[in-house]
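Read-outs throughout are calculated quantities, based only on the coordinates presented, and are distinct from any laboratory measurement. Bear in mind that the values here come from a model prediction, so they are computed numbers and not experimental data. Here the Cβ is made from the backbone with ideal geometry for all residues, glycine too, and neighbour counts use every protein chain on show.
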Amino acid sequence: MKTISTSNAPAAIGPYSQAKITENLLFASGQIAIVPSTGEIIDGGIEAQTTQICENIKAILSEAGLTFDNVVKTTCYLHDIADFAAFNAVYAEYFTAKPARSCVGGLDLPKGVLAEVEIIAELKA
């Protein structure tokens, strides 16, 4: 098993890794809207937070030599399900290969963020 770590995505805020690679899969921990350079939550609503989340995911994928096209599954968590359409609009700009997905709302999320996304990606053989 290999640990993926990059300063271009937020450092883990608990006892976990940014991502792990095992066999032919990358499992990334849930990403929230933390700006890596400051450690602060990005200002703005769901669109700004979703963009930051996707940029954090992009950095983790890049560190592993992958892109969004390698993502096979996402799990998305929303504080307010009413943000679904706005979240989805930004999400669709990044996840153009349309991986499998689950999305749930009505949750209290770390640091009071509006969304969190975790991914599973396949390494190319």
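For the range 97-114, putting each phi into the Karplus relation 6.51 cos²θ - 1.76 cosθ + 1.60 with θ = phi - 60° gives couplings of 7, 6, x, 4, 8, 10, 9, 10, x, x, 10, 8, 10, x, 6, x, 5, 8 Hz, in residue order, rounded to whole numbers and with x for Gly and Pro. Residues in the range 46-51 carry Karplus couplings, in order, of 4, 5, 5, 5, 5, 4 Hz; the curve used is 6.51 cos²θ - 1.76 cosθ + 1.60 with θ = phi - 60°, and Gly or Pro positions show x.
Lacking any other cysteine beta-carbon closer than 4.7 Å, the following Cys residues of the chain have no compatible partner: Cys54. Packing order of peptides 93-103, 27-37, highest average first: 27-37, 93-103 (average count of other Cβ atoms within 10 Å over each peptide's residues). Calculated from the structure at hand, Rg and Dmax of the Cα atoms in Å is found among (1) 13.8, 45; (2) 17.1, 52; (3) 13.5, 40 as (3).
With θ taken as phi - 60° and the Karplus curve 6.51 cos²θ - 1.76 cosθ + 1.60 applied, the whole-hertz 3J(HN,Hα) list for the range 20-29 is 10, 10, 9, 6, 10, 10, 10, 10, 9, 5 Hz, x standing for glycine and proline. Put a plus charge on the Cβ of each Lys and Arg, a minus charge on the Cβ of each Asp and Glu, and nothing anywhere else: the dipole of the chain about its Cα centre is then about 440 debye.
May I ask you to compute the full-extension gain from Thr96 to Ile13, defined as 0.36 nm times their residue separation minus their alpha-carbon distance, rounded to one decimal in nm? Write down the numbers at each step before the final one.
Values: separation 83, 0.36 × 83 = 29.88 nm, distance 2.89 nm.
Answer, rounded to one decimal: 27.0 nm.
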